[in-house]
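What follows is one structure encoded as structure tokens, with my remarks underneath.
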Amino acid sequence: MTLGTHFILDLEGAPFAALDDERLVHEALVVAVGEMGARVLGVYLHRLEPQGVSGVVVISESHLTIHTWPERGEAAIDLFSCGDPARARDAARRLPEKLSASRFTLREIPRGVPEATEPSL
């Protein structure tokens, strides 16, 4: 049974200033949650030293996390949603633009233990 979909998003080519701006990262994540039709239950972001942002948005459908490397122009984002996968996918695909990334990869992993099947005789 599928419990939801885990989206793994890797961004490249984003400006240092975007990935080092806690307020911009916060806004991008919260807007993405709204685009999914989910509800924000809590946000914890931490400004790293000497640069970067790491954090989590707990949502009604599960969670959205981020870790940025401004000095490399990269970010790693995980979105797990048990809501509408098409809306979650679309929201994830818009995150690179919100953070001004020039390239990204998006992978999807169905979550949950597959139902057991009886062996054929």
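Rule-based calculations on the coordinates, nothing more; no lab input. Everything numeric in this text was worked out from a predicted model, so none of it was measured. Reconstructed Cβ throughout: ideal geometry from the backbone, glycine too, with neighbour counts over all protein chains shown.
Measuring from label point to label point, each 7 Å out along Cα→Cβ, what is the Gln51 to Ala17 span in nm?
Here the answer is 1.3 nm between the modelled labels.
Which value, in debye to the nearest 20, describes the size of the charge dipole of segment 31-121 about its Cα centre when Lys and Arg Cβ atoms bear +1, Asp and Glu Cβ atoms bear -1, and nothing else is charged? Don't skip to the answer; put the middle values down first.
On the way: 11 positive and 12 negative charges, 60 e Å.
Using Cβ point charges on Lys, Arg, Asp and Glu, segment 31-121 gives about 300 debye.
Work out, step by step, the length gained on full extension between Ala86 and Val58: first 0.36 nm times the residue separation, then minus their alpha carbon distance; give nm to one decimal. If you can, show how the numbers build up before the last one.
On the way: separation 28, 0.36 × 28 = 10.08 nm, distance 1.93 nm.
Gain on stretching Ala86 to Val58: 8.1 nm.
Once every Cα of the chain carries one equal point scatterer and solvent is ignored, give the base-10 log of I(q)/I(0) from the Debye formula at q = 0.14, 0.16, 0.18 Å⁻¹, two decimals.
Taking Cα atoms of the chain as identical point scatterers yields -0.56, -0.70, -0.85.
Each residue of segment 87-93 in order: what ³J(HN,Hα) in whole Hz does its phi give by Karplus 6.51 cos²θ - 1.76 cosθ + 1.60, θ = phi - 60°, with x for Gly and Pro?
Karplus-based 3J(HN,Hα) across segment 87-93 equals 5, 5, 4, 4, 5, 5, 5 Hz.
Restricting to DSSP H runs of at least four residues, report the calculated mean residue ellipticity at 222 nm for the chain, -39500 (n - 2.57) per run over all residues, nearest 500 deg cm²/dmol. Walk me through the numbers before you get to the answer.
On the way: 3 runs with 33 residues, N = 121.
Mean residue ellipticity at 222 nm (helix-derived): -8500 deg cm²/dmol.
Can you compute 3J(HN,Hα) from phi for each residue in segment 78-85, using the Karplus curve 6.51 cos²θ - 1.76 cosθ + 1.60 with θ = phi - 60°, rounded to whole Hz and x for Gly and Pro?
Here the 3J(HN,Hα) series is 10, 10, 10, 9, 9, x, 5, x Hz.
Tell me the angle of helix 22-36 to the major Cα principal axis of the chain, expressed in degrees between 0 and 90 and rounded to the nearest ten.
The angle comes out at about 30 degrees.
Ranked highest first by the average count of other Cβ atoms within 10 Å around their residues, in what order do 24-30, 105-111, 73-79, 34-40 fall?
Highest-to-lowest ranking by the protection proxy: 73-79, 24-30, 34-40, 105-111.
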